[in-house]
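Undergrad: Structure incoming, see below.
Every number in this text was worked out from the coordinates using simple rules, so none of it is lab data. Computed from a prediction, not measured in an experiment: that's the story for all the values here. A quick note on method: Cβ atoms are made from the backbone with ideal geometry, for glycine too, and the neighbour counts reach across all protein chains shown.
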Amino acid sequence: MAGGKLKIVIFGAYNAGKSTFIQSIDPNARHVEAHTSNGDTTVALDYGRAEIHALDIHLFGTPGQERFEFVRQIISRGMDAAVLMVDCSVQPDEFTLHLYETFIMQGIPVAVMLNKCDLSSACPATACAAFRNAKIFEICAHDPGRTMPALTAFVESLATDL
């Protein structure tokens, strides 16, 4: 792959692991959050960087609450690809399924990262069935030993589109 840059935007439902994924890839990532009674939550964006095969990868994380649709629209402008974080310890929700269908309809390259595969309640097979024909990676967002290889494989799969 030739040098250049890629803008990859990370989408997913609340608490799917978007911020953790970006921080796992880039320990110096930036995070804009608010403290709530349910814990911390992204209210604007996360930003991190990585270099893969001489490509500068810019990772932008979006808020997971549906009410932040306007933020997702702003952040997604000019994106080259999307990562959909899915908490595979619960059933995929309508919001997550809608995001996936939107990417497919718009022809946006997308990787589905099945997160929380280390939990006893995880059921990757159920999530795989919901996202058939997708590039699917089973990860634990807090483990760089699983996140970086998944991101690298996704970036490599984009080589023909660059």
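Undergrad: What are the equivalent ellipsoid semi-axes of region 107-153, built from the alpha-carbon gyration tensor (square roots of five times its eigenvalues), in whole angstrom, biggest first?
TA: Equivalent-ellipsoid dimensions as semi-axes: 17, 16, 6 Å.
Undergrad: Still on this structure, please answer the following. I need the calculated FRET efficiency for the pair Lys5 and Ala125, taking r as the beta carbon distance and R₀ as 45 Å, to the nearest 0.05.
TA: It comes out at approximately 0.80.
Undergrad: Evaluate the charge dipole of region 4-161 about its Cα centre and quote only its size in Debye, nearest 20, assuming +1 on the Cβ of each Lys and Arg and -1 on the Cβ of each Asp and Glu.
TA: 200 debye
Undergrad: Quick one: work out the % antiparallel among DSSP beta bridges in the chain, nearest 5. Kindly include the intermediate steps, with their values, before the conclusion.
TA: On the way: 13 of 35 bridges.
DSSP beta bridges in the chain are roughly 35 percent antiparallel.
Undergrad: Per 0.36 nm of contour for each residue apart, how much would the distance between Gln91 and Ile104 grow if the chain were fully extended, relative to their Cα-Cα spacing?
TA: Extending this stretch completely gives an extra 2.7 nm.
Undergrad: Considering amide H positions built from the backbone, and no H for Pro or chain starts, which residues 5 or more places from Met85, or on another chain, come under 5 Å of its amide H?
TA: So Met85 has HN proximity to Phe11, Gly12, Met113.
Undergrad: With point charges of +1 on the Cβ of Lys and Arg and -1 on the Cβ of Asp and Glu, referenced to the Cα centre of the chain, which listed residue (Gly107, Met85, Pro149) lies farthest in the positive direction of the dipole?
TA: Gly107
Undergrad: Mind checking the full-extension length gain between Arg77 and Gln65? Use 0.36 nm per residue of separation minus the Cα-Cα distance, one decimal, nm.
TA: So the chain would gain 2.4 nm between Arg77 and Gln65.
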